[in-house]
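As structure tokens, the structure follows; a few thoughts come after it.
The values are calculated or read from the model by the stated rules, or taken from the named source; none is laboratory data. Computed from a predicted model, the values in this text were never measured in an experiment. Here the Cβ positions follow ideal geometry from the backbone for every residue, glycine too, while neighbour counts run over all protein chains shown.
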Amino acid sequence: MTPGKIDSEQVKHLGKLARLELSPEEVADYTLQLEQILGAITSISAVAADHIPPTSHPIPMENVYREDIAVRGLEINDFASGAPSFEDDRFRVPRILGEPG
Amino acid sequence: MSDLTRQSAATLASAIARREVSSEEVTRAHFDRIAQVDERVHAFLHVDPESSIARAREVDQQLAKGELLSPLAGVPIAFKDLLATKGVPTTCGSRILEGWRPPYNATIVDKLNAAGVVSLGKTNMDEFAMGSSTEHSGYGPTHNPWDLERIPGGSGGGSAAAVASFESPMAIGTDTGGSIRQPAALTGTVGVKPTYGGVSRYGIVALASSLDQAGPCARDVMDTALLHAVIGGHDPRDSTSINEPVPDVVAAALKADVRGMKIGVIKELKGEGFQAGVLERFNQSIEILTDLGAEVIEVSCPHFEYALGAYYLILPSEASSNLARFDGMRFGIREDDGKDRSVEEVMSATREKGFGAEVKRRIMLGTYALSSGYYDAYYGQAQRIRTLITRDFAYAFSRVDVLVSPTAPTTAFKIGEKLDNPLAMYLNDIATIPVNLAGNCAMSLPIGRAPEDGLPVGLQIIAPPMADHLLYQVGSALESALADRWGGLLISEAPTL
């Protein structure tokens, strides 16, 4: 695989990784557009920067701690009201294991 | 007091404090204006006049008892729909969150509530703040009050348009690559991206966590300063929040003096790709700043040409991770046909249905950039470019106090004009993106109308981290010199709708 080159199989694979059930039209559109966008931004690879330290965050800080004091969090009902499915104080989700029942 | 909706936040606040007008009257006047124009502007996604007016009445009672002394007490505001508001719909402009009501408030919302500022509602935006035109909203575009066939900029087009159309005296926006400043430029209003870490991000739905910053939108520099002073400051709930006092932005706005200041014009941000009328207004403002006593020199930031590329790798990478939480399990919609589908199938169907085209495009771009094998060539290289851009700024700020450029390369374009060309759309933010990569602060303020189309042009002022006061000092000096020439603010020339 060459960086900057995108084909429809890769787009389908990316869709799968990103949990997007893409339509065939979307696969075709995104194949073109992602290649176009990557083509335009790969100019950055021309900059010799191997010796430059990366910046992941604009302010230099690490390990921000607070006092270890218990504070009241949200109540169960606060979550229940916003969930698509909620039962017995838990989020109800589709099956996560095994074959269809 | 004549038309309440035409007044500045500062004027309204002092009239309310002197009991010449009530917060309820002011709030009602703004809802009348919203009823009159928002069908055409579409700045708002959600309003609830009844509870806003009830809240205004409470504030009036508190003021009568002498309980509220905030400089903005009783003044209405609009919130970009990216801010969590307890019990009030919060969609981020996305169908995936349709109907969701957050269980808590963003810190900014709490601070403004405590200051007696009255929420009018939630404003339209590009879905999850991805866009430069507000056309990527899942709920339809916002229209520019200067010309309803044009875009108001984005992603915070709703907040800017609400302020520009006199539907609200002030608003909160968020700026990840220009989403406060570019809409301000395109609507003839003022918008500020504070220093990264200067305003709490708690309760703001994350797009790209290392770039996102909320800030004030209003019609003049003083109003943005008053709002900045209320929302700024350390928040223990945001680990990236800077634990230092907020620079005195209000005093700086009052000072309005550039005598003896050194101002740098960024060489790389005033040439190719910039509309002639934008450059004409920009150069004119530079002359005014010189006449006001500033020393203006040209500075070069040679790595800015790579900023857009670095940004469109860093942003999608962070966004693809942040947006993984929208999976139809805990909040928002769930697309489940009841046919015993697996959790992965339901997640994929939910995300496919709930996300719009631009969000999917960036999620896939980010997923690609973070893939093993490409990680170093893309994300790693982008992070190293980010260091080089930060060094460009550091060198420039060793020579000057503030930097200036046009905020956006063009004036507002027609709705639909760039919708099918993501790359053309991304170029809107070419002048604003470097600031987010380095974590600096910046302001956009109106500097006139482009001769060729009569649309507003914005000038960007950039200052080093935690030197936000310099934005206000320079901004208010330029604003008042321009207002003297024009006989008032530029926004007073906007169509009455």
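Got a number for residues in the range B:313-358 being crowded, with 19+ Cβ neighbours inside 10 Å, small (G, A, S), at the interface with chain A (Cβ under 8 Å from one of its Cβ atoms) and not in a helix (DSSP H, G or I)?
The total comes to 2.
Can you spot a residue in the range B:181-193 that is under 26 Å from B:R281 (Cβ atoms) and within 14 Å of chain A (Cβ to nearest Cβ)?
Just the residues of the range B:181-193 that are under 26 Å from B:R281 (Cβ atoms), to begin with: B:181-193.
Filter once more, keeping what is within 14 Å of chain A (Cβ to nearest Cβ): B:193.
For the range B:181-193, residues under 26 Å from B:R281 (Cβ atoms) and within 14 Å of chain A (Cβ to nearest Cβ): present.
State which residue pairs qualify: first residue touching a residue at least 24 places away in the same chain (Cβ under 8 Å) and inside the range B:28-40, second residue hydrophobic (A, V, I, L, M, F, W, C) in any location, beta carbons under 6 Å apart, and separation of 6 or more residues or different chains.
Cβ pairs passing all conditions: B:A29/B:L4; B:H30/B:L120; B:R33/B:F166; B:V37/B:L497; B:D38/B:F44; B:R40/B:L148.
May I ask you to list the residues in the range B:50-91 that are farther than 24 Å from B:A35 by Cα and of a type in the set (S, T, Y)?
Matches in the range B:50-91: B:S70 only.
Considering B:T367, B:T411, B:T407, which residue is among the polar types (S, T, N, Q) and more than 24 Å from the chain's Cα centre (by Cα)?
It is B:T367.
Say we look at the range B:364-381 and pick out the residues that are polar (S, T, N, Q) and within 9 Å of another protein chain (Cβ to nearest Cβ); which of these is surrounded by the fewest Cβ atoms within 10 Å (Cβ to Cβ)?
Selected residue: B:S371.
Can you find a residue in the range B:292-310 that is within 15 Å of B:Q460 (Cα to Cα), among the hydrophobic types (A, V, I, L, M, F, W, C) and touching a Ser or Thr at 6+ places or on another chain (Cβ under 6 Å)?
Within the range B:292-310, one or more residues are within 15 Å of B:Q460 (Cα to Cα), among the hydrophobic types (A, V, I, L, M, F, W, C) and touching a Ser or Thr at 6+ places or on another chain (Cβ under 6 Å).
Pairs please, first residue from the range B:414-439 and on the phi > 0 side of the Ramachandran plot, second anywhere and part of a loop (DSSP other than H, G, I, E, B), Cβ atoms under 8 Å, 6+ apart in sequence or on different chains.
Every condition considered, the pairs that remain are B:G416/B:E135; B:G439/A:P58; B:G439/A:I59; B:G439/B:T195; B:G439/B:Y196; B:G439/B:G197; B:G439/B:P465.
Give just the number: which of (1) farther than 26 Å from B:A424 by Cβ; (2) touching a Cys at 6+ places or on another chain (Cβ under 6 Å) does B:I266 not satisfy?
(1)
In the range B:269-290, what count of residues is obtained for those that are of a type outside the set (A, V, I, L, M), touching a residue at least 40 places away in the same chain (Cβ under 8 Å) and out of contact with any strand residue (DSSP E or B) (no Cβ under 9 Å at 6 or more places or on another chain)?
1
Tell me, yes or no, whether the range B:444-455 has at least one residue that is surrounded by fewer than 20 Cβ atoms within 10 Å (Cβ to Cβ), of a type in the set (A, V, I, L, M) and in contact with a Lys or Arg (Cβ under 9 Å, 6 or more places away or on another chain).
yes
Inside the range B:105-119, can you point out the residues that are touching a strand residue (DSSP E or B) at 6+ places or on another chain (Cβ under 9 Å) and more than 12 Å from B:S70 (Cα to Cα)?
Correct list: B:N105, B:A106, B:T107, B:I108, B:V109, B:V118, B:S119.
Only one of these is in a helix (DSSP H, G or I), over 16 Å from B:M130 (Cβ atoms), within 12 Å of chain A (Cβ to nearest Cβ) and out of contact with any Ser or Thr (no Cβ under 9 Å at 6 or more places or on another chain): B:R384, B:R391, B:R361. Name it. If you could, list the steps in order and put the result at the bottom.
Details: B:R384 fails: out of contact with any Ser or Thr (no Cβ under 9 Å at 6 or more places or on another chain); B:R361 fails: over 16 Å from B:M130 (Cβ atoms).
Only one candidate qualifies: B:R391.
Out of B:A161, B:A129, B:A171, which single residue is under 19 Å from B:K360 (Cβ atoms), touching a strand residue (DSSP E or B) at 6+ places or on another chain (Cβ under 7 Å) and not charged (D, E, K, R)? Show your work before the answer.
Working: B:A161 fails: under 19 Å from B:K360 (Cβ atoms); B:A171 fails: under 19 Å from B:K360 (Cβ atoms).
Among B:A161, B:A129, B:A171, only B:A129 is under 19 Å from B:K360 (Cβ atoms), touching a strand residue (DSSP E or B) at 6+ places or on another chain (Cβ under 7 Å) and not charged (D, E, K, R).
Can you report the number of residues in the range B:472-497 which are out of contact with any Pro (no Cβ under 9 Å at 6 or more places or on another chain) and not charged (D, E, K, R)?
14
What residue, among those in the range A:32-61 that are surrounded by 18 or more Cβ atoms within 10 Å (Cβ to Cβ) and in contact (Cβ under 8 Å) with a residue 12 or more places away in the chain, is nearest to B:T387 (Cα to Cα)?
The extreme case among them is A:L38.
Tell me, yes or no, whether the range B:171-183 has at least one residue that is surrounded by fewer than 24 Cβ atoms within 10 Å (Cβ to Cβ), farther than 26 Å from B:R6 by Cα and in contact (Cβ under 8 Å) with a residue 40 or more places away in the chain.
Step one: of the range B:171-183, the residues surrounded by fewer than 24 Cβ atoms within 10 Å (Cβ to Cβ) are none.
No, that holds for no residue.
Grab the helices (runs of 4 or more DSSP H) fully contained in the range B:206-305, keeping just those with 1 or more residues being of a type in the set (D, E, K, R) and over 24 Å from the mean Cα position of the chain (by Cα).
Numbers: elements: B:221-231, B:249-255, B:276-291.
Once the helices (runs of 4 or more DSSP H) in the range B:206-305 are filtered for at least 1 residues that are of a type in the set (D, E, K, R) and over 24 Å from the mean Cα position of the chain (by Cα), what remains is B:249-255, B:276-291.
Checking the condition free of Cβ contacts under 8 Å to residues at least 60 places away in the same chain and either touching a Cys at 6+ places or on another chain (Cβ under 7 Å) or over 25 Å from B:A256 (Cα atoms) (or both), which residue from B:T240, B:T195, B:T142 passes?
Working: B:T195 fails: free of Cβ contacts under 8 Å to residues at least 60 places away in the same chain; B:T142 fails: free of Cβ contacts under 8 Å to residues at least 60 places away in the same chain.
Just one listed residue meets the conditions, B:T240.
Would you mind finding the one in B:E50, B:E127 that is of a type in the set (D, E, K, R), buried (at least 21 other Cβ atoms within 10 Å of the Cβ) and modelled with pLDDT of 95 or more?
Testing whether each residue is of a type in the set (D, E, K, R), buried (at least 21 other Cβ atoms within 10 Å of the Cβ) and modelled with pLDDT of 95 or more leaves just B:E127.
Can you name the residue in the range B:95-106 that is farther than 15 Å from A:P84 by Cβ and more than 9 Å from every other protein chain (Cβ to nearest Cβ) and, of all such residues, is surrounded by the most Cβ atoms within 10 Å (Cβ to Cβ)?
Among residues in the range B:95-106 that are farther than 15 Å from A:P84 by Cβ and more than 9 Å from every other protein chain (Cβ to nearest Cβ), the one surrounded by the most Cβ atoms within 10 Å (Cβ to Cβ) is B:A106.
Restricting the first residue to the range B:63-75 and requiring it to be surrounded by fewer than 20 Cβ atoms within 10 Å (Cβ to Cβ), which pairs with a second residue that is polar (S, T, N, Q) meet a Cβ separation below 9 Å and a spacing of at least six or different chains?
Pairs that qualify, where the first residue is surrounded by fewer than 20 Cβ atoms within 10 Å (Cβ to Cβ) and the partner is polar (S, T, N, Q), are B:E67/B:Q61; B:P71/B:S14.
Would you mention how many residues in the range B:178-198 are more than 12 Å from B:C441 (Cα to Cα) and in a loop (DSSP other than H, G, I, E, B)?
Qualifying residue count, the range B:178-198: 3.
Considering only helices (runs of 4 or more DSSP H) fully contained in the range A:1-97, which possess at least 2 residues that are more than 10 Å from chain B (Cβ to nearest Cβ) and of a type in the set (D, E, K, R)?
A:8-17, A:24-41
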